[in-house]
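*Asks:* Okay, here's the structure, questions in a sec.
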Amino acid sequence: MKSNVYIHKTNITNFLLKLTLGLLVPFLLFGLYKSGYRVYHNGYGNIFTLIKPLLYMVSAIIISFIYAKVHKTKFISYNLLANILISLIIIPETNFFLAIFLMLTVNVIGSFVKLNITALYMVILIIISMLCQNYSFLNIFEQEIHHIYVLMDYLLGFGYGGICNTFLIMSIISFIVLLCIREYKKEIPLLAFITYYALLLVKLIFVRDFTSSFFINNNLIFAYIFIAPLSTVSPYAKGSCYIYGVLLGAITFALSFINLDLGVYLSILLLSVISPKIDKFLT
């Protein structure tokens, strides 16, 4: 076994897959509170709003089950993980039927082209939201009130982000847990974080423009930890993972001058497409 290559054995990938799925449960539960109960309790939305995060999750599971039946693959798979990740990062006020239609669409695309369907989903959704002029990662309750966040608010999950991915302290705990797993492609998020924040600090030194959302961005943090290292659409050679991580941080930073949220997902999507070429070049 070569130490510089990630070996995709069934027992190894199944353990990492199931562990990751387990780590995502608290995000759903917190999302049900922040984007469901809290919104409904404050007089916004309806019963549908109360359970919408759960409906997204159930839809992701059903679509994954259908995908597994059609392609005769295992239900507990990285396709299931990709769809569940989608259900957690959807823009909060997205039309439900549009959200499900897009989930079906990216699954069809993923059947023919090897790419990160989670990142593809968000790139399409963000662009549609921008074109429709309703782009905001705040839920309807958060859009109506004035927020002054402190660090503890961010850690406890009350910051800006997708419908269920704002539980920052859980992202940190998950990252620590995953770093202890040999098969987790830790080089990707570690180098992406280092590169992005190093470039951000350089920008701060020269421009002296501090924007907290660029330093604590739940979409970026969650995506770097869970979405970028997805085993089936990221490099398998460790050397390639180093390059992937540095490029991810650098491209995200460059695209942040346009839009950071779009930049995160677009960077992951582009790198998922070229990662086989990086592997081929280095192995």
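*Asks:* Could you give me the ³J(HN,Hα) list for region 67-83, computed from phi with Karplus coefficients 6.51, -1.76, 1.60 and θ = phi - 60°, whole Hz, x at Gly and Pro?
*Replies:* Per-residue couplings from phi come out as 4, 5, 5, 5, 9, 6, 10, 6, 5, 6, 8, 6, 5, 4, 4, 4, 6 Hz.
*Asks:* Something else: Heavy atoms of the protein only, probe of 1.4 Å, neighbouring chains included. What is the accessible area of L120 in Å², nearest 10?
*Replies:* Surface accessible to solvent at L120 totals approximately 20 Å².
*Asks:* Any chance you could list P(r) for region 72-141, counting all Cα-Cα pairs in 5 angstrom bins from zero, rounded to whole %?
*Replies:* 3, 15, 28, 25, 14, 8, 4, 2, 0
*Asks:* Evaluate the charge dipole of the chain about its Cα centre and quote only its size in Debye, nearest 20, assuming +1 on the Cβ of each Lys and Arg and -1 on the Cβ of each Asp and Glu. Each step should come with its number before you reach the end.
*Replies:* Working: 18 positive and 9 negative charges, 215 e Å.
So the dipole magnitude of the chain works out to roughly 1040 debye.
*Asks:* While we're looking at this one, here's another question. Given a 1.4 Å probe and the protein chains all in place, what does the accessible area of K238 round to, in Å² to the nearest 10?
*Replies:* That residue has around 60 Å² of solvent-accessible surface.
*Asks:* From largest accessible area down, sort V273, V70; use a 1.4 Å probe on the protein chains. Walk me through the numbers on the way to the answer.
*Replies:* Values: V273 70, V70 100 Å².
Highest to lowest solvent-accessible surface, that is V70, V273.
*Asks:* Now a separate question. Top mean-square fluctuation among I221, I100, I86, Gaussian network model of the chain, C-alpha springs under 10 Å?
*Replies:* In this elastic network of the chain, the residue with the biggest mean-square fluctuation among I221, I100, I86 is I100.
*Asks:* Say we join alpha carbon atoms closer than 10 Å with springs in a Gaussian network model of the chain; which of N219, N139, N259 then has the biggest fluctuation?
*Replies:* Maximum fluctuation in the GNM of the chain, among the listed residues, is at N259.
*Asks:* How big is the accessible area of I258 in square angstrom, nearest 10, if you roll a 1.4 angstrom probe over the protein chains?
*Replies:* 140 Å²
*Asks:* Let me ask something else. Which shape class, rounded, prolate or oblate, goes with region 163-283 when its Cα gyration tensor gives a ≥ b ≥ c as root eigenvalues, a/c under 1.5 marks rounded, and past that a/b bigger than b/c marks prolate?
*Replies:* It is oblate, given that a/c is not under 1.5 and a/b is not larger than b/c.
*Asks:* Where does each of F15, F281 land when they are ordered by accessible area, with a 1.4 Å probe and the largest first? All intermediate terms of the calculation are to be shown ahead of the outcome.
*Replies:* Numbers: F15 110, F281 170 Å².
Order by accessible area, largest first: F281, F15.
*Asks:* Then there is this: From the protein chains alone at 1.4 Å, what is the descending order of accessible area for R208, R38, largest first?
*Replies:* Details: R208 195, R38 45 Å².
Descending accessible area places them as R208, R38.
*Asks:* Below 15 angstrom from the Cβ of L28, what's the summed charge of the other residues (Lys, Arg +1; Asp, Glu -1)? Could you put the intermediate results ahead of the total?
*Replies:* Details: positive: K34, R38, K52; negative: none.
Residues near L28 contribute +3 overall.
*Asks:* What is the Å³ per residue value for the convex hull set by the Cα atoms of region 140-224?
*Replies:* Values: hull volume 8.7 nm³, N = 85.
Considering the Cα atoms of region 140-224, their hull volume per residue is 103 Å³.
*Asks:* Can I ask one more? What percentage of the solvent-accessible surface of region 123-199, computed with a 1.4 Å probe over protein heavy atoms, is contributed by carbon and sulfur atoms? Can you show the working numbers first?
*Replies:* Values: 2680 of 3690 Å².
Percent of accessible area from carbon and sulfur atoms in region 123-199: 73.
*Asks:* Between (i) 21.1, 63; (ii) 18.2, 58; (iii) 20.6, 67, which entry matches Rg and Dmax of the Cα atoms in Å as derived from the coordinates of this structure?
*Replies:* The calculated read-out lines up with (ii).
*Asks:* Hey, another quick one. If amide H atoms are built 1.01 Å from N in the plane of the peptide, which residues on other chains or at least 5 residues away come under 5 Å of the amide H of A237?
*Replies:* Y6
*Asks:* Once the convex hull of the alpha carbons of region 36-109 is built, what does its volume come to per residue, in cubic angstrom? The partial results should precede the final answer.
*Replies:* On the way: hull volume 6.0 nm³, N = 74.
Per residue, the Cα convex hull of region 36-109 comes to 81 Å³.
*Asks:* Would you mind getting me the FRET efficiency between T232 and F101? Use the beta-carbon distance for r and R0 = 25 Å, nearest 0.05. Intermediate results must be reported in sequence, preceding the final value.
*Replies:* On the way: r = 24 Å, r/R0 = 0.94.
The value I calculate is 0.60.
*Asks:* What's the extension gain from L55 to A254 if we count 0.36 nm per residue and subtract their Cα-Cα distance? Present the calculation step by step, with values, prior to reporting the outcome.
*Replies:* Values: separation 199, 0.36 × 199 = 71.64 nm, distance 3.51 nm.
Here the answer is 68.1 nm.
*Asks:* Ignoring everything except DSSP H segments at least 4 long, calculate the 222 nm mean residue ellipticity for the chain; use -39,500 (n - 2.57) per segment, divide by total residues, nearest 500.
*Replies:* Numbers: 14 runs with 188 residues, N = 283.
Value at 222 nm, helices only, nearest 500: -21000 deg cm²/dmol.
The values are calculated or read from the model by the stated rules, or taken from the named source; none is laboratory data. The structure displayed is predicted, hence computed values, not measured ones. Positions of Cβ are backbone-derived with ideal geometry, glycine not excepted, and every protein chain shown enters the neighbour counts. Side chains are part of the model used for accessible areas, which takes the heavy atoms of the whole protein and leaves out ligands, DNA and RNA. Shrake-Rupley method; radii C 1.70, N 1.55, O 1.52, S 1.80 Å.
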